[in-house]
């Protein structure tokens, strides 16, 4: 009896494959899914063209991805609907699974959300030079989970977006001009006004130093070995290395020509003799005097 | 001095440029070119050429390879705006007008007749300077001169000045044939005073004319507007009858303002 029921159910199952209704349903569902995918693809292209002119590239990239994945979800839901699958049960199961996955993927989710904040806040853009902790380099891409940078010694570094949200990010090339601070220490017996005029003259002759904003000179403090002076030089941001190398050479050479001593930390040490040796020296001295 | 000519083979030619120098030699399709930029503050009115010389001395020689028969040394405006500084500050009262005469060092190019550039060099090494705010602005070339205004009703100008900074240089520049001489007119059309300190000259739309070997640029007009802005325009009629040897961009003045943005209007005089 049970075998008859089993055979009957199997027969019923396979009989639907020979009915015209089944194939009509398949065809209709396929056409519906195809139309959904085509519609979302066209929408993606239209939105992409509209966003190219008005929105930064990373944000446009995210929006296009959202549209594409929404299309996939709608297509899948259409398929389930056509197959008569009860979505409410599926959604319930997905909710429970989502909680489990959420616990496991909380870092990734945090990175994605951090990435959205980075894209909307725009602390930096592709091509900017940024410094995060002790790492600095050129931003190559801003992605969902991480930012990729290329360091100056040609290493590839992946920084999770969550890290960028939590730490200080220095955008070195945000503004068109920067100031290079050069610290100089001169001996205490130096003529400070003469030092000031020499430093300004060195700055005016350097081809990378802007004469506006004007160079800044600050006499900072009387330090242990000499007087510290801050020389602040403004430059166009792409000339950092050229300026840094040339100005150090210029200052060093000019100070040497002008006889200005660059002070450095030094310590005078007096050797104290032992008591026995001091007494022996005294004896010798008194002996010599009496002779 | 600025005309096309057919150089003899394997002969160095020199152009004297008021303290700077340019050299050229042709050998078949090989062109050798050299420049000595010179210093603006050390300029000496002495311009001429091309004249044959033995060798370019210590000038660094660069090479270009290509066919060409006739070549010329042609002046152009620099790739960056020029920045001039007014001595101390000049206050323009309402409805007043001040004129400044300035001599701009050109960007020199060796060009073939079809416009091909063999080499180029800025005459006189000028310091870079920033015109604008620390977060936006323009990189400019700074002229190391402090200018005095020329005003209506003045009896004497340069000769009677009392030894101000750069005046000696200024009087020498008037005789220099390698510099582009042009006038700036600043007009205060508002009811408020206008303090001038620094003026930027954007040369995109300006032409260069030649007469008797001297180079002249269009007159630059800067007008204040009632809403506190500034409007820059070019008066192309001053030298209309002279030979034109450089043509500025043909776009209208409105395009210059739109391209620069509103910040350009507010910072053109550094106020």
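When you check residue A:202 against the structure, is it surrounded by 14 or more Cβ atoms within 10 Å (Cβ to Cβ), within 14 Å of chain B (Cβ to nearest Cβ) and either out of contact with any helix residue (DSSP H, G or I) (no Cβ under 9 Å at 6 or more places or on another chain) or not in a loop (DSSP other than H, G, I, E, B) (or both), yes or no? Taking the combined requirement at face value, the residue satisfies it. Scanning region A:114-132 for residues that are part of a loop (DSSP other than H, G, I, E, B) and out of contact with any strand residue (DSSP E or B) (no Cβ under 9 Å at 6 or more places or on another chain) returns a single hit, A:122. Taking the criterion of being more than 24 Å from residue A:55 (Cα to Cα), surrounded by 12 or more Cβ atoms within 10 Å (Cβ to Cβ) and out of contact with any strand residue (DSSP E or B) (no Cβ under 6 Å at 6 or more places or on another chain), the residues of region A:136-169 that qualify are A:136, A:163.
Restricted to region A:152-171, and to residues that are within 10 Å of the chain's Cα centre (by Cα) and assigned to a strand (DSSP E or B), which residue is nearest to residue A:128 (Cα to Cα)? Only one residue fits best here, namely A:171. In region A:243-256, is there at least one residue being touching a helix residue (DSSP H, G or I) at 6+ places or on another chain (Cβ under 7 Å) and in a strand (DSSP E or B)? No, region A:243-256 has no match at all. Number of residues in region A:208-226 that are at the interface with another protein chain (Cβ under 9 Å from one of its Cβ atoms) and either part of a strand (DSSP E or B) or in contact with a helix residue (DSSP H, G or I) (Cβ under 8 Å, 6 or more places away or on another chain) (or both) equals 3.
The set of residues in region A:129-146 being within 30 Å of residue B:132 (Cβ to Cβ) and either within 14 Å of another protein chain (Cβ to nearest Cβ) or touching a helix residue (DSSP H, G or I) at 6+ places or on another chain (Cβ under 6 Å) (or both) consists of A:142 alone.
Elements of the type strands (runs of 3 or more DSSP E) sitting completely within region B:40-152 and holding at least 2 residues that are more than 30 Å from residue B:188 (Cβ to Cβ): these cover B:47-53, B:61-65, B:71-76, B:107-112, B:117-122.
Go through region B:31-72 and give me each residue that's in contact with a helix residue (DSSP H, G or I) (Cβ under 7 Å, 6 or more places away or on another chain) and surrounded by 15 or more Cβ atoms within 10 Å (Cβ to Cβ).
B:43, B:45, listed by residue number.
Filtered by the rule that a residue be more than 9 Å from chain A (Cβ to nearest Cβ) and touching a strand residue (DSSP E or B) at 6+ places or on another chain (Cβ under 6 Å), region B:139-148 gives B:141, B:143, B:146, B:147, B:148.
For region A:227-242, the tally of residues that are within 18 Å of residue A:174 (Cα to Cα), within 14 Å of chain B (Cβ to nearest Cβ) and free of Cβ contacts under 8 Å to residues at least 40 places away in the same chain stands at 2. The single condition from (1) farther than 30 Å from residue A:107 by Cα; (2) within 14 Å of another protein chain (Cβ to nearest Cβ); (3) part of a loop (DSSP other than H, G, I, E, B) that residue A:174 fails is (1). Sub-7 Å Cβ pairs linking a first residue in region B:121-138 that is more than 7 Å from chain A (Cβ to nearest Cβ) and on the phi > 0 side of the Ramachandran plot to a second residue that is outside any loop (DSSP other than H, G, I, E, B) and modelled with pLDDT of 90 or more, at least 6 apart or interchain, are B:124/B:20, ordered by first then second residue.
Within region B:187-215, work out how many residues are touching a residue at least 24 places away in the same chain (Cβ under 8 Å) and surrounded by fewer than 19 Cβ atoms within 10 Å (Cβ to Cβ).
12
The values are calculated or read from the model by the stated rules, or taken from the named source; none is laboratory data. On a predicted model such as this, the values are computed, not experimentally measured, just so you know. Please note: Cβ atoms are built from the backbone with ideal geometry, for glycine as well, and neighbour counts cover all protein chains shown.
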